[in-house]
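The values are calculated or read from the model by the stated rules, or taken from the named source; none is laboratory data. Bear in mind that the values here come from a model prediction, so they are computed numbers and not experimental data. Ideal geometry is used to build each Cβ from the backbone, glycine not excepted, and the neighbour counts take in all protein chains shown. Please note that ligands, DNA and RNA were not included when accessible areas were found on the heavy atoms of the full protein model with its side chains. Shrake-Rupley method; radii C 1.70, N 1.55, O 1.52, S 1.80 Å.
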Amino acid sequence: MTENVAASSNKEPIRASEFDPKFKYELIKMHGGEGLLKCYQCGTCTSDCPVARFSDDYRPRTIIRMAQLGLKDRILKSGTLWLCAACFTCTDRCPQDVEVASVIRVLRNLAAENGCVPQVFKDQACSILESGYAYKIPDLRIKKRESMGLPPLPKGNPEAIRKSLKGVNFMRYIEKKSERNE
Amino acid sequence: MSNNSKYLIFLGCAVPYRVSAYEISARKVLAKLGVELVEMPEFNCCGLPLDPVSHEMMLVLASRNLAVAEKTGLNILTLCPGCAGTLKKVTKILKDDKALREKINAQLKESGLEFKGTVVTKHIMQVLMEDVGVDNIKKSVVKPLTMLKVAEHVGCHLLRPKEYIGFDNPEDPQTLKKLIEATGATCLDYIDETECCGAPSVGVSDKVALQLARDKLNHVKMVDAQALITICAFCHIMFDTNELRIEKMFNEAYGIPILHYPQLLGLALGMKPDELAFNELRVDTSKLLKQINEGAN
Ligand code: SF4
Ligand code: SF4
């Protein structure tokens, strides 16, 4: 299997102006990104990645290399970043302790901060703010618990959750959405 | 039998949303084996689903739960490996990093909470292994399932990353196997046992997700397992809810029932399939149950 660049749209030639030489230093300061510079491109992560096996575009080694090179926009705008299943196989097997899955998580966090947030995450965040639960659990299911002999579900405390999350960057995406809903 | 263990049960979001059979069977077997459960006084999502978009938000959500639990003086038992992994990881991160802990505690203070790091989190599999123990389970078995040959799927978040989970061997896990064998059943080895079920890719690329699950089902079928045993809400949904879809899509025929481990254990402890919510399962289990009944006669 050949190693592709992360997304089909990314197969275009790289222009020198695309490199951000300081990007890697930004990443190694972030929690989970510390190991980035230690990668020596052995390919263990990609060869053991279950997603890479079934995807033509997703290659963790390529993502790590692109991050080292500073191809910031290409990575952050690439949809393939969201394919990682967070199975942590790469993290456990990387001979250099790069914590590959965490580096990818750091990149996703940055993509989100730059406005690229798949809808499902916004929906889950909104639901957590409203009820504590990541999914809207239908009333019917909550009522059914009793007939199945299950105790009532513990309640979330939306007001307290909001208070604790004050100042968290990601909140601005959710606040916008809940305003729209009102 | 009593072993005096008492835990706060942390249900998570996926279990009450979609997988009541897991909760019902887990509560029944834990009660029978002397593990007492207390409900969480207050709950919010452990934070894991939002980690990809905001690590910070995940840290706050997880630590809120840990702080709520601390007030009760009890440790946490989870049904979901994702919740267990997250709560364990955040406990370690915040204990090791004082600056981060202070930052998070400043956030929690607003709602009268504080993370001190006194709570231990265990997944149900770990509680069954460490608190109850294989010998006690064996002693409680009244209907040994010796006629069964099954396969197990532990799931990623109970194994990796090993630095935070620190339980079992992620490359060759034994815990679930031993627990299955405690019921009298044989647990078969198969190719790529520790591989991901694909669930986290659902919604991003269903194609990748279903191919991963198909790969696993193929390997399980290859060794003629009569059932696949899971101990995770997401893995169970991935296999049980999607088995028929995968069969159609890839022109396969599996017919492999997917059981929550507590359902298997419950049968061995003498409980009836109805009590263990077998009717909630999608893949037909009637043949399997018949094999069990005939084998036990
Ligand atoms: S396994 Fe580690 S060192 Fe090897 S390519 Fe992947 S990240 Fe780099
Ligand atoms: S954590 Fe992501 S990149 Fe690493 S092996 Fe799993 S799916 Fe691949």
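Checking each residue in the range A:131-155 for being in contact with a Ser or Thr (Cβ under 8 Å, 6 or more places away or on another chain) and modelled with pLDDT of 95 or more picks out A:Tyr133, A:Ala134, A:Leu150.
Going by the structure shown, is A:Asp139 more than 9 Å from every other protein chain (Cβ to nearest Cβ), within 26 Å of B:Ser20 (Cβ to Cβ) and open to solvent by 50 Å² or more (accessible area, probe 1.4 Å)? For A:Asp139, the condition - more than 9 Å from every other protein chain (Cβ to nearest Cβ), within 26 Å of B:Ser20 (Cβ to Cβ) and open to solvent by 50 Å² or more (accessible area, probe 1.4 Å) - is met.
State which residue is nearest to B:Ala233 (Cα to Cα) when the search covers only the range B:1-43 and only residues that are charged (D, E, K, R) and more than 7 Å from chain A (Cβ to nearest Cβ). Applying the filter and picking the extreme gives B:Arg18.
In the range A:148-171, the condition of being at positive phi, open to solvent by 10 Å² or more (accessible area, probe 1.4 Å) and either assigned by TED's automatic domain parsing to the domain that holds A:Val51 or within 16 Å of ligand 1 (Cβ to nearest atom) (or both) is met by no residue. For the range A:56-78, the tally of residues that are of a type outside the set (D, E, K, R) and open to solvent by 50 Å² or more (accessible area, probe 1.4 Å) stands at 1. Applying the criterion of at least 1 residues that are under 18 Å from B:Gly117 (Cβ atoms) to the helices (runs of 4 or more DSSP H) found wholly in the range B:19-105 leaves B:55-72, B:81-96. A single entry from A:Cys42, A:Cys84 fulfils the requirement of being in contact with a Ser or Thr (Cβ under 9 Å, 6 or more places away or on another chain) and either near ligand 1 (Cβ under 10 Å from one of its atoms) or of a type in the set (A, V, I, L, M, F, W, C) (or both): A:Cys84.
Output the number of the condition that B:Cys235 fails; it satisfies all remaining conditions of (1) within 19 Å of A:Ser55 (Cα to Cα); (2) in contact (Cβ under 8 Å) with a residue 24 or more places away in the chain; (3) not acidic (Asp, Glu). Result: B:Cys235 fails condition (1) only.
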